[in-house]
2 protein chains.
Amino acid sequence: MTEDDFLRAYDPAAFPRPALTVDLVLMGLRGGCPAVLLMPRTEHPHAGRWALPGSFVRLDETLDEAAERVLRTKAGFTPAEVAETHREQLYTFGALDRDPRMRIVSVAYLALLPEALFTQVLMGDAGLSAARMAVPGESEAGRPVAVFAARDRAARTALPLAFDHADILALAILRLRGKLDYSDVGFALLPETFTLRQLQDVHEAILGTTLNKPAFRRRMLDRGWLVPTGARETGTSFRPAELYRYRKPL
Amino acid sequence: MTEDDFLRAYDPAAFPRPALTVDLVLMGLRGGCPAVLLMPRTEHPHAGRWALPGSFVRLDETLDEAAERVLRTKAGFTPAEVAETHREQLYTFGALDRDPRMRIVSVAYLALLPEALFTQVLMGDAGLSAARMAVPGESEAGRPVAVFAARDRAARTALPLAFDHADILALAILRLRGKLDYSDVGFALLPETFTLRQLQDVHEAILGTTLNKPAFRRRMLDRGWLVPTGARETGTSFRPAELYRYRKPL
DNA sequence: AGAATAGTGTCTTTCAGACACTATCAT
DNA sequence: ATGATAGTGTCTGAAAGACACTATTCT
């Protein structure tokens, strides 16, 4: 950016550049477990493995716009669904041998889907499959993450992931965990209105621990981000819980 | 990354790609204030403004390696100095109009320099200048950061920064602040051995607040990262403080 | 001795964890 | 009434803030 002498004589096409892509971690919760949407690879390289949806970055779009385009074109999101999805840049992966075909640098994004949207996308015709993510313990922090077929909950054999996508997934869950209690990312995994129990379930699923109920409620309510709707949960066979709405802190 | 049909017929040179660079925020402390090393721009575009040292990413180096190369070739670091510098990837900036000449995506890195090394690099012949960073308050979080000439401490007129480098600096100080009390980045700004007061000064400079002395000491010592050397500060006209060494937690 | 800072003892306050308790709904 | 979960009151313990105090060095 600051190489003046270099740039003055620079022919944009003259020097070889790495290719640039975005890869998206589409994360949601399925049955109380973190899950991710993956595409099966059918061709070389890494045929038979599972990959994150991604795309090359075009010259006329920003990185964020490229990520949105992947949501629309690779995952079948409608513009409205794109709008209700939390997205943030995760990290940029630039190892030399990430892809055997050529040098590709990839900007990884994390997208968080409420459970209903996750299911809807999964049922759509985009060809995405859900994989349950093993929540790593403290000791495994930083290691690649193992994912399992979402069909049977007791599956033991890990799905093979393409490229360095296991590293990307590991970073995604770590980032999510780190931001969970000081930011508002947790709400991105919940529907418009939700109960405090649902919110606690989200936190517990991502942290992989159980939380103290009174302390959790106190903290969340004291934070001032929750607005009681006055409505109650329906369809339970017991006392229905109050429904809250998340209000963005000014 | 996962566009199979596209890639099979892909000629690496056939499609236009954004250029890819790394830009480095070389940060240290000067006289109790966060400071950054900048290069003056002498040519169009943004001539007369100040820029972060950076470089294009080559095909045969990773992003981290490109950042190291900038340290060596643009900032005049010796390999030993590179080794004693903390580096981490910050964020990737991909706005369309970042650079008026062509589409350039830049991976920003944060490098932390102990005060002695900061001064040494500044005095070197790499042409870098030091600029004092205005530590933004809570209300200005996320805004571009203003920097001032380091010569006179009372300077009021902000230095003009090139490209989106004010945004990069803003993110750098925010990231540093966020990681300060749960990670060990603070030690990267200190020499090999240091006193607890120096450590507290580093934290106060970056946070822009004052801290409670007994509480700070308790927290730091309880964390188990500090090893007393047995030696004492020298050159003071009062009681010399114990010198500690940072020991990487296993 | 005096100045200046290093380093500590202790009280208070705040907040999380634990546990039991009450409240409210469907059946 | 019973079962099941929602929601709360309160005790306890850990840790931060505040403040005063002692300790140690140089001049």
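Looking only at region B:82-125, which residues are assigned to a loop (DSSP other than H, G, I, E, B) and surrounded by fewer than 18 Cβ atoms within 10 Å (Cβ to Cβ)?
Residues satisfying the conditions are B:84, B:95, B:96, B:97, B:100, B:101, B:102, B:124, B:125.
Conditions: (1) within 12 Å of DNA strand C (Cβ to nearest atom); (2) on the phi > 0 side of the Ramachandran plot. Residue A:234 meets all but one. Number of the miss?
Of the numbered conditions (1) within 12 Å of DNA strand C (Cβ to nearest atom); (2) on the phi > 0 side of the Ramachandran plot, the odd one out for residue A:234 is (2).
Run down B:239, B:219 and say which single residue is assigned to a helix (DSSP H, G or I), within 11 Å of DNA strand D (Cβ to nearest atom) and out of contact with any Gly (no Cβ under 6 Å at 6 or more places or on another chain).
It is B:219.
Over 21 Å from residue A:159 (Cα atoms), buried (at least 16 other Cβ atoms within 10 Å of the Cβ) and of a type in the set (Gly, Ala, Ser): does that describe residue A:67?
Yes, satisfied.
If I go through region B:188-216 residue by residue, how many of them are closer than 15 Å to residue B:27 by Cα, within 16 Å of DNA strand C (Cβ to nearest atom) and assigned to a helix (DSSP H, G or I)?
Residues meeting the conditions: 3.
Please indicate, with yes or no, whether at least one residue in region A:200-214 is among the β-branched types (Val, Ile, Thr), more than 27 Å from residue A:91 (Cβ to Cβ) and in contact (Cβ under 8 Å) with a residue 24 or more places away in the chain.
No, because not a single residue in region A:200-214 is among the β-branched types (Val, Ile, Thr), more than 27 Å from residue A:91 (Cβ to Cβ) and in contact (Cβ under 8 Å) with a residue 24 or more places away in the chain.
Surrounded by fewer than 17 Cβ atoms within 10 Å (Cβ to Cβ), assigned to a loop (DSSP other than H, G, I, E, B) and within 16 Å of DNA strand D (Cβ to nearest atom): is that true of residue B:234 in this structure?
Taking the combined requirement at face value, the residue satisfies it.
Does region A:213-229 hold any residues that are over 15 Å from residue A:203 (Cα atoms) and among the small types (Gly, Ala, Ser), and which are they?
Within region A:213-229, just A:224 meets the criteria.
So, residue A:102, is that one free of Cβ contacts under 8 Å to residues at least 40 places away in the same chain, out of contact with any Gly (no Cβ under 9 Å at 6 or more places or on another chain) and over 21 Å from residue B:93 (Cα atoms) or not?
No, not satisfied.
Checking the structure you have, find out if any residue of region A:84-93 is modelled with pLDDT under 95 and more than 9 Å from every other protein chain (Cβ to nearest Cβ).
yes
For the structure I just gave you, tell me whether residue B:125 is within 13 Å of another protein chain (Cβ to nearest Cβ) and either more than 18 Å from the chain's Cα centre (by Cα) or farther than 30 Å from residue A:59 by Cβ (or both).
Considered against the rule, which asks whether it is within 13 Å of another protein chain (Cβ to nearest Cβ) and either more than 18 Å from the chain's Cα centre (by Cα) or farther than 30 Å from residue A:59 by Cβ (or both), residue B:125 comes out as no.
Could you go through region A:164-176 and let me know if any residue there is among the basic types (Lys, Arg), more than 16 Å from DNA strand D (Cβ to nearest atom), touching a strand residue (DSSP E or B) at 6+ places or on another chain (Cβ under 9 Å) and in a helix (DSSP H, G or I).
Yes, because at least one residue in region A:164-176 is among the basic types (Lys, Arg), more than 16 Å from DNA strand D (Cβ to nearest atom), touching a strand residue (DSSP E or B) at 6+ places or on another chain (Cβ under 9 Å) and in a helix (DSSP H, G or I).
The values are calculated or read from the model by the stated rules, or taken from the named source; none is laboratory data. On a predicted model such as this, the values are computed, not experimentally measured, just so you know. So basically every Cβ, Gly included, is an ideal-geometry build from the backbone, and we count neighbours across all protein chains shown.
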